[in-house]
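Asker: Please read through the structure below; I'll follow up with questions.
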Amino acid sequence: MTSLRPATLLLVALFAVACSHEDAPQQEAAAEYQSQPARNPDRKVSGLPAGALHAQRVAVMDMNGFEQPLPALFALVPVGWRTQGGVSWGQQFMCTNGYNFNWVAQSPDGLQTVAILPQYKWEANNYGAAPSSPGCQSAPINSIQQYLNAVVNQMRPGARIVDFRPRPDLAAKFSNLQNATPTAMGDMRTWIEAGEVLVEYQENGRAMRGVVAATAALSLMRTRGVSPGQTMEAFTGFAFPGFVASGPAEQFSSQLAETIRQSFLANPAWQANISRHNGAIARVAAQEVAKQAKAISEYNDYVSLLRQQVSQTQAASDERRQRQFGEVIRGTQNYDDANAPGGRVELSNLYDHAWRLNDGSYVLSNDSSFEPYRDLGVEGQKLAPTQ
C-alpha cells in the first residue's frame, strides 16, 4: 500500500477518539476564536422531534495567512460540539502552496468526530524524473479509490474498508476542469473522480465506524520521446480538501455526517486572498520552469517542456480549485434568513424543514409540527426555502 507522509497530509485525528494537539499557541487561539458552542450547551433538547438536528454555525479560521485572522470556511455542527484547528501554514506544505487544512470537530464526550481531510498533491512519470513541484511526492496512485485506500491505511492500519462508492455528485462540481488537449508533441487529459469509503475498526476494544470522502483532479500528459516509438508519460494528482467522520458503530449516523459535510461554505474574503496567493506562486513557478528549459540538453528539453505544460495546466486550476471548494462539499437547500449574511442561509437538503432559534442555532427536522418555544423553550422562526 502506498504510504502518504503525515507531515505532508496533516493527517489529523481522522479516526482518533481523542483530539489533543500539543502545538498549542496558534491552534488554541484558533480554537478559541472559532469554537462558539451554544450559550447553554447543557440545555435539555428532549423536545426535539426524533431524528432532528440542533446545529450551530462555526468558523474554520486562518489565523496567520494574511494581514488579519480570517474565517476560511463556515460549517454547521451539532450544538455543544467543540472545534479545533483551522488553516495551517508552513514550509512543510510547499507542495500545496504553503498551507493546508487542519480542522476537527468533536462531540462533548469525544467519541464522535468530523474533520476536513487535508488537500494533497502527488506526481508520477515513466522516465525517472523527480516531482516537478517543490515538496511533492512521487506516488503510484491513479484513481480516487487508490487514494482513499492509502489515506485509510496511513491513518488506521488494519482498518477494514467495508465499501467504496463513487460520488458523481461531488465530481460534477468540478466538471469544467475535465478536458483533453492536443499538444505540440502529444496530448494531455484531465479528469475528475470522487468517491467515499465506509470503514470499520476497533478502538480500545470498541467497534468504530467512519466515512472518508474526497474528490481529485487527475492529469496525464503523453509526449513523444527522443527514441523512435518512445512515449513519455507524466501523471499529476490533486486531491481537494475532503471530509472524514467517525464514531462508535452503534452511534454513527451517515445522515449526520452528510449533513455536516454539506454545510461547509467558503468565505469570499478568504477565497479572494488565497486565489491571489496561489496565482502569484503559479506565475513564479512558470518563470522558473522556463529558465530551466533553456539550460538543459535536447532530451531533457522534452522533459522540461512536459513539466512546464503540466505545471501551467495545474496552475490554471489553482484559483478555480479555491473558488469551488465551497461548492464541492455542499448539496444544500437555500432558506430565507434575515439574520444571515445576504439574507439567506444554506442548510442540508436531507431534512424537509428548518428553523432558526433566537440564540443563533438552527434546528433541522422532517417533523413539520415542531415548535421551538413549545418544545425547547426558545423562541425561533421557521425558515422558508428561497424561491
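Asker: Can you name every residue in region 65-82 that is buried (at least 21 other Cβ atoms within 10 Å of the Cβ) and in a loop (DSSP other than H, G, I, E, B)?
Answerer: Listed by number, the residues that qualify are VAL79, TRP81.
Asker: Only one of ALA150, ALA105 is surrounded by 14 or more Cβ atoms within 10 Å (Cβ to Cβ) and under 13 Å from ALA214 (Cα atoms). Can you tell me which?
Answerer: None of the others qualify; the one that does is ALA150.
Asker: Going residue by residue through region 349-372, is there one that turns out to be modelled with pLDDT of 90 or more, in contact with a helix residue (DSSP H, G or I) (Cβ under 7 Å, 6 or more places away or on another chain), surrounded by fewer than 18 Cβ atoms within 10 Å (Cβ to Cβ) and part of a strand (DSSP E or B)?
Answerer: Checked against the condition, which is being modelled with pLDDT of 90 or more, in contact with a helix residue (DSSP H, G or I) (Cβ under 7 Å, 6 or more places away or on another chain), surrounded by fewer than 18 Cβ atoms within 10 Å (Cβ to Cβ) and part of a strand (DSSP E or B), region 349-372 yields no hits at all.
Asker: Does ARG209 satisfy the condition of being among the basic types (Lys, Arg) and buried (at least 20 other Cβ atoms within 10 Å of the Cβ)? Please lay out each step first, then the result.
Answerer: Details: among the basic types (Lys, Arg): yes; buried (at least 20 other Cβ atoms within 10 Å of the Cβ): yes.
Yes, satisfied.
Asker: Related question: Which ones in region 63-95 are touching a Lys or Arg at 6+ places or on another chain (Cβ under 7 Å) and modelled with pLDDT of 95 or more? Quick ask: steps written out before the conclusion?
Answerer: Here is the first cut: in region 63-95, the ones touching a Lys or Arg at 6+ places or on another chain (Cβ under 7 Å) are 74, 76, 95.
PHE74, LEU76 - these are the residues of region 63-95 that are touching a Lys or Arg at 6+ places or on another chain (Cβ under 7 Å) and modelled with pLDDT of 95 or more.
Asker: Here's something else I'd like to know. If GLN145 meets every condition in (1) among the polar types (S, T, N, Q); (2) surrounded by 12 or more Cβ atoms within 10 Å (Cβ to Cβ); (3) at pLDDT below 95 apart from one, which number is that one?
Answerer: (3)
Asker: Still on this structure: Take region 218-275 and flag every residue that is among the charged types (D, E, K, R) and surrounded by 21 or more Cβ atoms within 10 Å (Cβ to Cβ).
Answerer: Answer for region 218-275, where residues must be among the charged types (D, E, K, R) and surrounded by 21 or more Cβ atoms within 10 Å (Cβ to Cβ): just ARG261.
Asker: Looking at MET232 and the list (1) modelled with pLDDT of 95 or more; (2) part of a strand (DSSP E or B); (3) touching a Phe, Trp or Tyr at 6+ places or on another chain (Cβ under 6 Å), which single condition is not satisfied?
Answerer: Only one criterion in (1) modelled with pLDDT of 95 or more; (2) part of a strand (DSSP E or B); (3) touching a Phe, Trp or Tyr at 6+ places or on another chain (Cβ under 6 Å) is unmet by MET232, namely (1).
Asker: What are the pairs with Cβ atoms under 7 angstrom where one residue, in region 153-180, is assigned by TED's automatic domain parsing to the domain that holds PHE235 and closer than 13 Å to LEU198 by Cα and the other, located anywhere, is assigned to a helix (DSSP H, G or I) and not aliphatic (A, V, I, L, M)? Sequence gap at least six, or different chains.
Answerer: The qualifying pairs are ILE161/ASN149; PHE164/GLN145.
Asker: Identify, please: which residue in region 193-206 is surrounded by 21 or more Cβ atoms within 10 Å (Cβ to Cβ) and closer than 25 Å to GLY110 by Cβ and is, among those, farthest from the chain's Cα centre (by Cα)? If you could, list the steps in order and put the result at the bottom.
Answerer: Here is the first cut: in region 193-206, the ones surrounded by 21 or more Cβ atoms within 10 Å (Cβ to Cβ) are 193-197, 199.
Checking the rest, the ones that are also closer than 25 Å to GLY110 by Cβ come to 196-197, 199.
Working: GLU196: 13, VAL197: 15, VAL199: 18 Å.
So the residue we want is VAL199.
Asker: Please give the strands (runs of 3 or more DSSP E) falling wholly within region 154-219 in which 2 or more residues are within 14 Å of PHE238 (Cβ to Cβ).
Answerer: 186-203
Asker: Separate question: For region 109-127, state whether one or more residues are of a type in the set (A, V, I, L, M), modelled with pLDDT under 95 and either assigned to a strand (DSSP E or B) or not assigned by TED's automatic domain parsing to the domain that holds VAL284 (or both).
Answerer: Yes.
Asker: Right, another one. Let me confirm something: among ARG209, ARG222, ARG189, which residue is of a type in the set (Lys, Arg) and under 23 Å from PRO248 (Cβ atoms)?
Answerer: Criteria check complete, one pass: ARG209.
The values are calculated or read from the model by the stated rules, or taken from the named source; none is laboratory data. It should be emphasised that the depicted structure is a prediction, and the values quoted were computed from it without experimental measurement. Glycine also receives a Cβ, built like all others from the backbone with ideal geometry; neighbour counts cover every protein chain displayed.
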